[in-house]
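Remarks on the structure that follows.
The values are calculated or read from the model by the stated rules, or taken from the named source; none is laboratory data. Computed from a prediction, not measured in an experiment: that's the story for all the values here. Please note: Cβ atoms are built from the backbone with ideal geometry, for glycine as well, and neighbour counts cover all protein chains shown.
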């Protein structure tokens, strides 16, 4: 009798211990699966990704810079974004503004539109540059556009508009029509990014100098004053 009880008790403890180990293993395995699923779900989401905006907010409100980038997938999207939220304004001088300043201010002239479109495109990894066109007749005038390639097409953006062409020839004809001149009376300058940044910096320095009052030290250091 005693042997049977002992055997039975030992057998019961062994089964109970086995059950406890299995349930604990199952518990930790479940936690592991949950953590693994969370890692997989979040691994493809950038840490600084802008929150998605609903249709009403996209239609009625101006996005932040990061939201504008997140909502564009093509150069045409960029140009539409620029045209929708930036108002063309004539300038007294020829001050070139940084892209984020134009975006925040909401206004600009042709070079500001071109710089903004270029900067948004570059941030998205699209090819884009600022190009200057000058008409020598019937009067001397200039215009800045953003230009790039998309697929097998060339595109040009003038003040936020978007047009695609098969060649540079089509782009030149389009800009000539904007300047109201013949192609033979027009020349162009393609600006590298450092040229654009130099013009922006020069305009900023001029603006600071124009708004900074002279100090007595300035007069001392100026010959003839």
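Looking only at the stretch 165-199, how many residues end up being surrounded by 16 or more Cβ atoms within 10 Å (Cβ to Cβ), in a strand (DSSP E or B) and in contact (Cβ under 8 Å) with a residue 60 or more places away in the chain?
1
Can you name every residue in the stretch 146-164 that is closer than 25 Å to residue 91 by Cβ, touching a residue at least 12 places away in the same chain (Cβ under 8 Å) and part of a strand (DSSP E or B)?
Matches in the stretch 146-164: 146, 147, 148, 156, 157.
If you scan the stretch 107-145, which residues turn out to be assigned to a strand (DSSP E or B), under 16 Å from residue 84 (Cα atoms) and touching a helix residue (DSSP H, G or I) at 6+ places or on another chain (Cβ under 9 Å)?
108
Would you check if there is a residue in the stretch 137-152 being surrounded by fewer than 19 Cβ atoms within 10 Å (Cβ to Cβ), touching a strand residue (DSSP E or B) at 6+ places or on another chain (Cβ under 8 Å) and closer than 23 Å to residue 66 by Cβ?
Yes, that holds for at least one residue.
How many of the residues in the stretch 65-101 are in contact with a strand residue (DSSP E or B) (Cβ under 8 Å, 6 or more places away or on another chain), in a helix (DSSP H, G or I) and surrounded by fewer than 23 Cβ atoms within 10 Å (Cβ to Cβ)?
Residues flagged as in contact with a strand residue (DSSP E or B) (Cβ under 8 Å, 6 or more places away or on another chain), in a helix (DSSP H, G or I) and surrounded by fewer than 23 Cβ atoms within 10 Å (Cβ to Cβ) within the stretch 65-101 amount to 1.
Among 100, 94, which is the only one that is over 13 Å from the mean Cα position of the chain (by Cα) and over 16 Å from residue 194 (Cα atoms)?
Step by step, each of 100, 94 is checked, and only 94 is over 13 Å from the mean Cα position of the chain (by Cα) and over 16 Å from residue 194 (Cα atoms).
Would you mind telling me which numbered condition in (1) farther than 21 Å from residue 90 by Cβ; (2) in a helix (DSSP H, G or I) residue 202 fails?
(1)
When you go through (1) farther than 20 Å from residue 179 by Cα; (2) at pLDDT below 95 one by one for residue 116, which number turns out not to apply?
(2)
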